[in-house]
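We did not get these values from a lab; they are worked out from the coordinates using the rules stated. Fair warning: this is a prediction, and the values are worked out from it, not measured in the lab. Reconstructed Cβ throughout: ideal geometry from the backbone, glycine too, with neighbour counts over all protein chains shown.
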Amino acid sequence: MTSLQIPAPTRCINGLEPAALIRHFLAHPPAGFEAFCSPAGMPGFFADFDLLTTADGDTLDLVNSLPGSRWLRRLLNWRTCFFGTTASEYAPLPASVAPEALPPALLEAWSKRSRLLIVKDIPDDSPLLPAADRQYAAAFVAACVERGFILVEGQALAYVPIDFACPEDYLARLSPGRRKDIRRKLRARERLQLKVLPTGCEALRDPDFLAVLYDLYREVYAQSEIHFDLLTPDFFRAILQDGNLDGHLFLYYGDGELIGFNLCFVHDGMLIDKYVGFRYPAARQHNLYFVSWMENLAFARERGLSHYVAGWTDPEIKAYLGARFTFTRHAVYVRNPLLRSLLKRISGRFESDRAWFDAHAKQPAPRP
């Protein structure tokens, strides 16, 4: 057994979701991932990583225009050590380790098993976390910089404070054009049937039903622009059958056929939106993205929750629907000093969410 195969994490901070999700991630990692937990108690994984995953459009166009671009793209796919998980919104930092001691502990655990180390999704003064967690994350980031890590802006996490009295009150905060468009799209709700199942219920022990849900998830994965973490049927089975997670599976039916689902978790007074599955083209024809957004807000308001946390992807549509955003940072350590110097110079080309936000956040979003 190596130092990166300890079975379970210690208590971590920055958790917006139930800690059991991380345990399920370690037990059933995405396809091609090698999950582990470091001696310091921080979960992570090894995976093949396309270095251009978050590159801006100009950089992608430049690389793709070069002679031998396919060969070059293969060269830019590295086996990478990640600290963090794809099941958690933020990097789970072990509470038992002082922030200044954590970067050297991670570097020691990493050893020489890959050319690249990334601590992913470190919260940047997140309004969704208590002050102590924000302070720890800031101290950890400073310690990473002292140890030679390079900071790269991460993705934009969308959230909505539940501070409105009713759907009309929420929509009234949007521009007249958006209100009109969203109301029009929400008429599709009349043609849909909604059923909500708690995780761990008997219906979610039916293997045929689980297979249908997984197929819906794969349809969303297939049309996504980024293919990184392909969740496995075993992971879905484990979380859907875990009654201790306080999970809620929203099932949407059109004409008696299941056309979509949304799996959310209630934790620390917030509704955390985690996984979706859609049947195309029916989901688009029924405006299911817009309908499910409003249903989630209604669920959170009825439960007296403080926030709806809507996840990382599709910031344009989420901004259009009235979301706010908070950013993360990745701490990157490149073993080769020449490559490390190069990354410092070009890191801004890998901050696509921040670039989009700076260019568009204060302007009306385009109609999706």
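A Stokes-Einstein calculation at 20 °C with viscosity 1.002 mPa s, built on the Kirkwood radius of the stretch 163-305 over Cα pairs, returns a diffusion coefficient of 133 µm²/s. Taken over the stretch 146-194, the alpha-carbon convex hull comes to 188 cubic angstrom per residue. For Asn262, the shell of other residues with beta-carbons less than 10 Å away shows a net charge of -1, using +1 for Lys and Arg and -1 for Asp and Glu. Label-to-label distance for Glu202 and Ala131 is 5.0 nm, based on points extended 7 Å past Cα in the beta-carbon direction.
Distance cut-off 30 Å, Cα to Cα: go down the list Lys180/Lys274; Lys120/Lys318; Lys120/Lys195 and report the pairs above it. With Cα atoms farther than 30 Å apart: Lys120/Lys195.
Kindly identify the stretch 69-195 as rounded, prolate or oblate by the Cα gyration tensor criterion: order the square roots of the eigenvalues as a ≥ b ≥ c, call it rounded if a/c is under 1.5, otherwise compare a/b with b/c, prolate if a/b is larger, else oblate. Prolate is the answer for the stretch 69-195, as a/c is 1.5 or above and a/b outweighs b/c. Normalised by the number of residues in the stretch 163-305, the mean separation of alpha-carbon contacts (under 8 Å, six or more apart) gives a relative contact order of 28 percent. Treating r as the C-beta distance of Phe209 and Ala188 and R0 as 25 Å, the FRET efficiency rounds to 0.55.
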